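The values are calculated or read from the model by the stated rules, or taken from the named source; none is laboratory data. This one's a predicted model, so the numbers in the text were calculated from it and none came from an experiment. Cβ atoms come from the backbone with ideal geometry, glycine included; neighbour counts cover every protein chain shown.
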Amino acid sequence: MGRWVWAVLAAVAGFLALRAVFWVGYIGSDDSLYWQEATHWLRQAPYLADNHWGLRHSLVLPIALGRVLLGERQIALVLPVLLASLGCIVVLGVLLRRLGGLAMAFALALVVSNQQFVLQSSIAYIDFIETFFVLLSLTLFLEGMRAEARRPLLWLFLGGVAAGFAMVSRETSVFYLLALFVLFLAGYGGARWTYFVFGLGVVLVVGCEMLSLHAATGDFLYRYHVAAGHDSEIDRWVEQGSGVPAIHPLVDPVLMLLFNHSFGLLFTLGVALAVYGARRPLHPAESGPMIRLLVPVAVIWTLICALWWSQLALVPRYYALPSFLVAILAAIGLARLAQAGRPRVAALICAGMVAVNVAALFVGNDNFMFGEQALAALAQRQGEVIHTDKQTYRRAEMILHWNGEDERVTDAPAGSGQLFYFNPPRLPQGVQPGAAWVEVARPAVPPTRVQRVAQMLQPLGIVPAGLIARLQGHSGAVLYRLP
């Protein structure tokens, strides 16, 4: 095996280690909707979805298959995304194998430790399935454009097929195709007619899906009409997940990329390194074409995500692909810095960026689903039905299903003498238990990772005691009996 294979295997091992420590799993958000859509396929196939989650067949169908093979378990929900994430690492190794060991090592270290990549690879979101197909398409496209490539048209066609699968995973992949169109106009790569071979691969996949949806609905653009109206609650004038204060829709994307902990130092120090690497290419014959391909894709994807106010909320996961590409470009800059006689400086910078990434992993709220998990545990122990609020029930529904406790919890109003589970984070602000309610059980809230670190530092006098309590991530839940 080549050295690049060993580097990929080491990256996979490191990723799986981080994945085991920082496991997230089911969060009762979009992942529950993908599970529901997979249920429709298991009950009646073929199934025509009327929402954009159900039309993301590259996630929904693998979940359905996982349920057939593995049973009604959480692993069947998250396994498709976990496999796609591992695929991203392998594809990165293939993409970077000609740039030398240093560039590959730096890139894999920055990607594998990326906070978003580690945390969301165990959540059933479409982001890293889309990212996998786009990275695969980029790799095949670049291989097809190499002057000395064998069977270049085959690589270009397969690259188009991969891009087609990205398109039917999520419509945001059109940003990648727009970037390639700009490169087509600029004369990037070989003869312009070779782009049409790539386009043939895209049309094969997207066209087949359009024909099948037309046969079912009479609408060739059914997917896009459904996707265009999927969310009427997007408001870029307020903070909806960016992690930074909302100032102005033109300013907020910049603030998020610079200061949201999900990106670490990628869009500050990483961009500076990318500029350095682009101005002084490493192995110009290999890195030059790669840089000229990755930069437009990263810039155009980021700009459209940032400016398309009406359709895309400002959340970090929409920028997963650009963060991967910036990591690659930053790695080229680090390798060039090492080649220029500063290997220790390059290693220290990379180590610092990785350390910031790992520190960011501790910042996440690992008690986000505590209330629902504690409810499922109580349902297994209690001999009667537990009532709770609608949001807690909705988020706990899948956990109860996996535990075989579907009938033990309800969101119906609780009557006199019945059990009610009070979970403050899912209730309207200010709602309080009644004075005559009798406490039955109060599950202990485990400390979060960042809280454990703060507790270790408290004897040094640098962490206020009040701050430690605020880092708990959940205010606690209580099981009451109503009078």
(request) Count, please, the residues in segment 106-123 that happen to be at pLDDT 95 or above and among the small types (G, A, S). (result) 3
(message) Looking at segment 251-290 only, could you name the residues that are closer than 24 Å to T139 by Cβ, of a type in the set (A, V, I, L, M) and surrounded by fewer than 22 Cβ atoms within 10 Å (Cβ to Cβ)?
(response) V271, V275, A278, A285
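Just one of L77, L83, L59, L119 is over 30 Å from G277 (Cα atoms) and either outside the structural domain of P316 (by TED's automatic domain parsing) or surrounded by fewer than 22 Cβ atoms within 10 Å (Cβ to Cβ) (or both); which is it?
Working: L77 fails: either outside the structural domain of P316 (by TED's automatic domain parsing) or surrounded by fewer than 22 Cβ atoms within 10 Å (Cβ to Cβ) (or both); L59 fails: either outside the structural domain of P316 (by TED's automatic domain parsing) or surrounded by fewer than 22 Cβ atoms within 10 Å (Cβ to Cβ) (or both); L119 fails: over 30 Å from G277 (Cα atoms).
Answer to the check: L83.
Quick check on F175: is it closer than 22 Å to P152 by Cα, hydrophobic (A, V, I, L, M, F, W, C), surrounded by 13 or more Cβ atoms within 10 Å (Cβ to Cβ) and in contact with a helix residue (DSSP H, G or I) (Cβ under 6 Å, 6 or more places away or on another chain)? Spell out how you get there, then give the answer.
Numbers: closer than 22 Å to P152 by Cα: no; hydrophobic (A, V, I, L, M, F, W, C): yes; surrounded by 13 or more Cβ atoms within 10 Å (Cβ to Cβ): yes; in contact with a helix residue (DSSP H, G or I) (Cβ under 6 Å, 6 or more places away or on another chain): yes.
No: the conditions fail for F175.
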(request) Please go through segment 1-15 and pick out each residue that is without any contact (Cβ under 8 Å) to a residue 24 or more places away in the chain and under 20 Å from V78 (Cβ atoms). (result) A13
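Would segment 331-353 turn up any residue that is charged (D, E, K, R), buried (at least 18 other Cβ atoms within 10 Å of the Cβ) and closer than 19 Å to I123 by Cα?
For segment 331-353, residues charged (D, E, K, R), buried (at least 18 other Cβ atoms within 10 Å of the Cβ) and closer than 19 Å to I123 by Cα: absent.
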(request) Given the conditions (1) without any contact (Cβ under 8 Å) to a residue 12 or more places away in the chain; (2) within 25 Å of G71 (Cβ to Cβ), report the number of the one that M398 does not fulfil. (result) (1)
(message) Just to verify a result, which residue in segment 17-53, among those that are exposed (fewer than 13 other Cβ atoms within 10 Å of the Cβ) and part of a helix (DSSP H, G or I), is modelled with the highest pLDDT?
(response) A17
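Looking at segment 190-206, which of its residues are in contact (Cβ under 8 Å) with a residue 12 or more places away in the chain and not in a helix (DSSP H, G or I)?
The one that is in contact (Cβ under 8 Å) with a residue 12 or more places away in the chain and not in a helix (DSSP H, G or I): G190.
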(message) Considering only segment 326-345, I want to know if a residue exists there that is without any contact (Cβ under 8 Å) to a residue 40 or more places away in the chain, assigned to a loop (DSSP other than H, G, I, E, B) and farther than 15 Å from V111 by Cα.
(response) yes
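Given the condition over 29 Å from L213 (Cβ atoms), touching a Cys at 6+ places or on another chain (Cβ under 9 Å) and surrounded by 24 or more Cβ atoms within 10 Å (Cβ to Cβ), answer yes or no: does some residue in segment 89-104 qualify?
Taking segment 89-104 first, the residues over 29 Å from L213 (Cβ atoms) are 89-90, 92-104.
This time we only want the ones that are touching a Cys at 6+ places or on another chain (Cβ under 9 Å), so: none.
No; the residues of segment 89-104 include none that is over 29 Å from L213 (Cβ atoms), touching a Cys at 6+ places or on another chain (Cβ under 9 Å) and surrounded by 24 or more Cβ atoms within 10 Å (Cβ to Cβ).
Considering each of N357, N365 in turn, give the residue that is in contact (Cβ under 8 Å) with a residue 12 or more places away in the chain, surrounded by 22 or more Cβ atoms within 10 Å (Cβ to Cβ) and polar (S, T, N, Q). Walk me through how you get there before you give the answer.
On the way: N365 fails: surrounded by 22 or more Cβ atoms within 10 Å (Cβ to Cβ).
N357 is the lone residue from the list that is in contact (Cβ under 8 Å) with a residue 12 or more places away in the chain, surrounded by 22 or more Cβ atoms within 10 Å (Cβ to Cβ) and polar (S, T, N, Q).
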